[in-house]
Amino acid sequence: MAANNRRMSGKKGAQVGSGGQRRRGLEGKGPTPPAEMRKGHVKQRVAAAKARRAQGRTPQRRTGRSASEYVVGRNPVVEALRGGVPASTLYVQQFIDNDERVREALQLVAERGGINLMEAPRPELDRMTNGLNHQGLVLQVPPYEYAHPEDLTAAAADAGEDPLIVALDGVTDPRNLGAVVRSVSAFGGHGVVVPERRAAGMTAGAWKTSAGTAARTPVARATNLTRALEAYKKAGIVVVGLAADGEAEVQDLAALDGPVVIVVGSEGKGLSRLVGETCDVRVRIPMPGGAESLNAGVAAGIVLYEAARRRA
């Protein structure tokens with residue numbers, strides 16, 4: 001018996017209990033609050049966005065700004081001003097030859113208003129443009145403020161509509177981005193999502209191709225496009241990828257009736273592997289003429305038209 005007691009008293013010092021912590025850990029925490037009240041939940045973010053709009057404030061959640069851009073040369077500057085590209089300052093070289101394009105640029109700046117007019121010596125313009133042939137005219141385009149991907153779903157909820165969003169995967173031509181923005185605006189979409197890296201951004205070329213629709217159609221930038229698509233899926237949105245070897249044809253896709261994100265890949269490589277695996281379904285656009293692929297702007301426009309037709 002004594003030996004048994006020695007085995008049981010092997011620990012030295014006083015024995016301390018849990019103080020009731022284990023018992024309290026087993027107690028319930030009450031009913032789960034509704035999704036609209038759970039911090040970080042998509043529905044809570046949507047409700048917060050609606051509340052901000054009801055108070056007349058725009059969403060403050062942004063994914064950052066692009067860098068300032070310079071449009072260089074007489075013809076590009078005039079075309080940018082004609083196309084309504086946002087601009088902050090027009091730099092004009094001192095003692096410039098005053099031809100028709102220079103006069104038109106100055107007239108457009110005066111008519112639009114809100115654009116600073118600065119005179120600068122040629123060496124300064126050379127430095128600003130890294131020695132490009134600016135021909136005495138340099139137009140500064142201000143940084144573009146990108147939306148957050150969830151702002152697009154919040155805008156759809158605010159309008160009482162099912163989200164209709166286009167995501168671009170590996171599209172590097174700003175003109176394609178501008179064309180997609182224009183199609184999204186034309187067919188009642190809620191915005192465009194682009195990756196933060198290795199993708200076209202809202203440059204002057206994209207603004208010009210959008211024909212002014214970029215002023216009312218938001219472009220969101222995602223740090224990781226795959227994660228952004230997964231978040232859309234968790235919010236109940238169907239992710240549809242366009243692929244030449246898709247298992248369904250676009251005209252047969254019933255998902256276009258409801259909340260949907262249309263993912264368009266690059267013309268050469270199509271969808272990346274991870275993005276393709278994230279899509280709920282991959283669809284193809286039938287092309288009886290035998291073309292191998294369509295550029296991003298054309299492909300997005302076809303699917304957006306089909307979605308708009310079904311929703312009408």
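The listed residues are S210, S293, and the only one of them that is polar (S, T, N, Q) and over 20 Å from the mean Cα position of the chain (by Cα) turns out to be S293.
Conditions tested, residue by residue: (1) open to solvent by less than 20 Å² (accessible area, probe 1.4 Å); (2) modelled with pLDDT of 90 or more; (3) part of a strand (DSSP E or B); (4) not hydroxyl-bearing (S, T, Y).
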{"residue": "V264", "(1), (2), (3), (4)": "yes, yes, yes, yes"}
{"residue": "V275", "(1), (2), (3), (4)": "yes, yes, no, yes"}
{"residue": "R282", "(1), (2), (3), (4)": "no, yes, yes, yes"}
{"residue": "P288", "(1), (2), (3), (4)": "no, no, no, yes"}
{"residue": "G301", "(1), (2), (3), (4)": "yes, yes, no, yes"}
{"residue": "A307", "(1), (2), (3), (4)": "yes, yes, no, yes"}
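Restricting the range 238-252 to residues that are more than 23 Å from the chain's Cα centre (by Cα) and under 18 Å from A167 (Cα atoms) leaves a set whose member that is most open to solvent (accessible area, probe 1.4 Å) is A244. Which count do you get for residues in the range 102-115 that are farther than 14 Å from V138 by Cα and outside any helix (DSSP H, G or I)? Here the count works out to 2.
Residues in the range 130-181 that are within 12 Å of the chain's Cα centre (by Cα), over 22 Å from G270 (Cβ atoms) and among the acidic types (D, E): E145, E150, D151. Residue count for the range 183-208 under the criterion of being free of Cβ contacts under 8 Å to residues at least 60 places away in the same chain and either on the phi < 0 side of the Ramachandran plot or open to solvent by less than 30 Å² (accessible area, probe 1.4 Å) (or both): the result is 11. The set of residues from the range 104-115 being over 32 Å from the mean Cα position of the chain (by Cα) and either buried (at least 16 other Cβ atoms within 10 Å of the Cβ) or within 14 Å of P76 (Cα to Cα) (or both) comprises E104, L106.
Inspection of the range 195-217 identifies at least one residue that is over 29 Å from V78 (Cα atoms), touching a strand residue (DSSP E or B) at 6+ places or on another chain (Cβ under 8 Å) and not charged (D, E, K, R). In this structure, is D126 in contact (Cβ under 8 Å) with a residue 40 or more places away in the chain and more than 15 Å from A296 (Cα to Cα)? Against the criterion (in contact (Cβ under 8 Å) with a residue 40 or more places away in the chain and more than 15 Å from A296 (Cα to Cα)), D126 does not qualify.
A residue that is under 20 Å from Y144 (Cβ atoms), touching a helix residue (DSSP H, G or I) at 6+ places or on another chain (Cβ under 6 Å) and modelled with pLDDT under 90 can be found somewhere in the range 210-218.
In summary, M118 fulfils each of the numbered conditions (1) open to solvent by 40 Å² or more (accessible area, probe 1.4 Å); (2) among the hydrophobic types (A, V, I, L, M, F, W, C); (3) outside any strand (DSSP E or B) with the single exception of condition (3). Given the criteria touching a residue at least 60 places away in the same chain (Cβ under 8 Å), under 20 Å from the mean Cα position of the chain (by Cα) and open to solvent by 10 Å² or more (accessible area, probe 1.4 Å), does K269 qualify? Against the criterion (touching a residue at least 60 places away in the same chain (Cβ under 8 Å), under 20 Å from the mean Cα position of the chain (by Cα) and open to solvent by 10 Å² or more (accessible area, probe 1.4 Å)), K269 does not qualify. Applying a threshold of 6 Å to beta carbon distances and a minimum spacing of six or more residues, or different chains, the list of pairs starting in the range 213-238 at a residue that is over 23 Å from G178 (Cα atoms) and ending at one that is surrounded by fewer than 17 Cβ atoms within 10 Å (Cβ to Cβ) reads V238/D280.
The values are calculated or read from the model by the stated rules, or taken from the named source; none is laboratory data. On a predicted model such as this, the values are computed, not experimentally measured, just so you know. Here Cβ is always computed from backbone atoms with ideal geometry, including for glycine, and neighbour counts include all displayed protein chains. These area figures cover heavy atoms from the full protein model, side chains too; ligands, DNA and RNA do not enter into them. Shrake-Rupley method; radii C 1.70, N 1.55, O 1.52, S 1.80 Å.
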